[in-house]
1. Between Asp148 and Asp175, take the C-beta separation as r, use R0 = 35 Å, and let me know the FRET efficiency to the nearest 0.05.
2. Glu2 to Asp139: extension gain in nm, 0.36 nm per residue of separation minus the Cα-Cα distance?
3. What is the dipole size for segment 86-212, taken about its Cα centre, with +1 at each Lys and Arg Cβ and -1 at each Asp and Glu Cβ, in debye to the nearest 20?
4. Would you mind computing, in nm to one decimal, how far apart the modelled labels at Ala10 and Ser194 are, each placed 7 Å from Cα along Cα→Cβ?
5. Cβ neighbours within 10 Å, averaged per peptide: list 166-175, 131-140, 16-25 in order, most packed at the top.
6. Show me, bin by bin at 5 Å from 0, the whole-percent P(r) of segment 95-212 based on Cα pairs.
Amino acid sequence: MEEFLLKLSARTPAPAGGAAGAYSVAIGAALCLMVLRFGASKSEKASKSEKASKSEETTKSIGVDLERVAELSARAVRLAQEDEASYQSVLSAFRSSKALDPTEASEVKRNAFVFASRIPSECAKTALQVCDVVMSQVDSVSSHLVGDLIAAGLTAVSGGLVGAQLVIANLGDTDSELVDQVQRDLSELLGVQSALLKVLGDKRSVSPLWDI
């Protein structure tokens with residue numbers, strides 16, 4: 001993390017926003033995985049206890065593929081690394097376009113931006129997949145874990161929003177399937193963010209953790 005932050009803060013074109021957003025998604029997925037592992041552990045203990053009710057056994061992190069969540073975190077890390085590399089192709093396109101006529105130069109640069117934008121677009125999709133897991137568990141985890149689960153979702157949402165807005169910033173009003181898809185992802189991410197903040201607001205009506 002320290003090495004990445006040094007590279008991010010340097011006066012260089014990359015890594016930049018795309019990598020930062022992707023790492024946010026990776027952190028959100030990793031934090032979600034931590035919560036799920038605590039929940040799965042509790043569920044296992046409950047199932048072994050004669051005092052555990054059937055409803056208690058089924059309200060934990062049952063049915064979530066922990067390996068899939070781990071892969072989402074690993075995928076986001078790969079996207080961060082790929083984003084840094086892809087921006088180099090954009091810089092190369094700008095350099096090579098200087099020897100071309102304006103029409104050809106514009107097309108070369110456009111193609112480079114479209115190619116590079118596929119990575120932050122994938123970041124937004126990965127964030128939504130993390131959020132699907134978070135939202136499936138937000139009513140099931142214990143009071144001691146829900147804060148971290150909401151934090152996981154909001155962190156992933158943040159990274160996904162960064163990815164989505166970068167696509168829009170890169171491609172502007174380009175009429176493309178990629179832009180249309182990322183606009184839909186952006187709306188969905190904002191909806192998840194709103195839902196998570198509502199859950200957080202609802203928690204203010206319960207006792208603080210030290211009284212539970």
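Read the figures in this text as sums done on the coordinates, not as results from a lab. Keep in mind that this is a model prediction, so the values were computed, not measured. A quick note on method: Cβ atoms are made from the backbone with ideal geometry, for glycine too, and the neighbour counts reach across all protein chains shown.
1. 0.25
2. Stretched out fully, the Glu2 to Asp139 stretch lengthens by 45.8 nm.
3. Taking the Cα centre of segment 86-212 as origin, the dipole is about 340 debye.
4. Result for the modelled spin labels: 4.2 nm.
5. Top to bottom by mean Cβ count within 10 Å: 16-25, 131-140, 166-175.
6. With 5 Å bins starting at 0, P(r) equals 2, 11, 19, 15, 12, 10, 9, 7, 5, 4, 3, 2, 1, 0, 0.
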